[in-house]
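Report on one structure; see the data block that follows.
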Amino acid sequence: MSEITRRHCLRLLAAGAAGVSARLYAAPVGGPRLLLVFLRGGYDATNTLIPYSSSFYYEARPTLAIARPDPAASSGAVALDSDWALAPALRDSIGVLYQQRQVAFLPFAGTPDLSRSHFETQDSIELGQPLAGARDYRSGFLGRLHAVLSGASAGGVPAIAFTDALPLSFRGPDSIANISLKNVGKPPFDDRQVRILSAMYAGHPLEPAVTGGLELRRQVAQAMQQLSEEMRDPSRDALSIKGFELEAERMARLMRDSYRIAFVDIGGWDTHVNEGAAQGALASNLTGLGRGLSIFAQSLGAEWKNTVVVVLSEFGRTFRENGNHGTDHGHGSVYWVLGGAISGGRIAGEQQSLERAHLFQDRDYPVLNDYRAVLGDLFRSMWGLTPEQCAQIFPQTMPTRLNLV
């Protein structure tokens, strides 16, 4: 076995050991729960929360605009108030939760970062650090939140990322679990590979770490397979909702029983071409996201009242459609806040009318609600944080009182 191959195998095992906490199925924990859903790609918030009172919206999107609310037409937007409406793709999922006052929307939200680069803006948001000065890529805002809460709690605050690798937002001094749900129940190494790896490191100083990593991976795969079988049995092998909709139930089970802070990211939101209006690529994504979030809420059961879900993206899209019946990278976005006990059923935060004169650089939603101030207020309200603790999570940022929790 070459040294290169040896190092590759070791990296796989180390990732397994570090990425999946030994307390994956710890005793149930109480207290508030937070799930952060990151829509990677910059989702089109303008065709999600529709500014139907704006005539400029219909002028700027001749093929993409969603029709004004009409009770007789299922393809029209769902009125939320006199200015805003919901995409019809979310009518039967998020729309129902909104009527139950379990969803609030924050338009004009985002980061002051103006790079309009997916990767740079995603990094900027996940770090949660002031834009001025050097970035510390070893410290994400969820990692700092976890450190603050763990320091104040004798029992710790279990956290997990439902991702292939630990996201930037969770980087910090604490060890955070991460596990991909893409191939649940399938161990990364078969029996033959396990024997080879075990023999390779027999007598080596790294043997205990390798053995522990292999066993941890086996236990995780076995536990997740059991979860899959438990959920499949009642349906008698019938087809299930795919993608995020399937992952949502598993995430809810884990959060209900073991975790209080979690992160998941969902791709496929970069709609430069053929985005669609009431139907099409964006509508399909919103339908799956809405159903998945509804399943997540239902699967939490009584713990939904102790849970807050935040849906965000790196930026919004251009207010005008482009020449390819799509939208390009924008600036301000719309955040979602969901939960069984939030003060929902409303459009929150600072707002302004959507006229051409009010667009940022004559193309985008402006950012009137800094995401750090918004999240800082949520964290403060959920966990009763002091101003000093809030400043540790989001330096140089004053939380904005939105009274959502």
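Points worth noting:
- Accessible surface for the stretch 69-125, divided over its residues, is 41 Å² per residue with a 1.4 Å probe.
- Apportionment of accessible area to carbon and sulfur, the stretch 44-103, percent (1.4 Å): 46
- Rolling a 1.4 angstrom probe over the protein heavy atoms with all chains in place gives the stretch 319-358 an accessible area of 38 Å² per residue.
- Ser74 sits among other residues whose Cβ lies under 14 Å from its own Cβ, and their net charge, with Lys and Arg +1 and Asp and Glu -1, is 0.
- Computed over the stretch 250-293, Kirkwood Rh from alpha-carbon pairs, angstrom: 12.5
- Heavy-atom surface of the stretch 278-318, accessible at 1.4 Å and reported per residue (Å²): 30
- Taking every Cα-Cα distance in the stretch 273-329 and sorting them into 5 Å bins from zero, the calculated P(r) comes out as 4, 15, 18, 20, 15, 11, 9, 6, 2, 0 percent.
- In this structure, the amide hydrogen of Phe108, modeled 1.01 Å from its nitrogen in the peptide plane, lies closer than 5 angstrom to those of Ser333, counting only residues at least 5 positions away or on a different chain.
- Between Gly330 and Gly316, Arg317, Thr318, the built amide H atoms are under 5 Å apart, and every one of these is 5 or more places off in sequence or on another chain.
The values are calculated or read from the model by the stated rules, or taken from the named source; none is laboratory data. These numbers were taken from a predicted model, which means no experiment stands behind them. All Cβ positions, glycine included, derive from the backbone under ideal geometry; neighbour counts span all protein chains shown. These area figures cover heavy atoms from the full protein model, side chains too; ligands, DNA and RNA do not enter into them. Shrake-Rupley method; radii C 1.70, N 1.55, O 1.52, S 1.80 Å.
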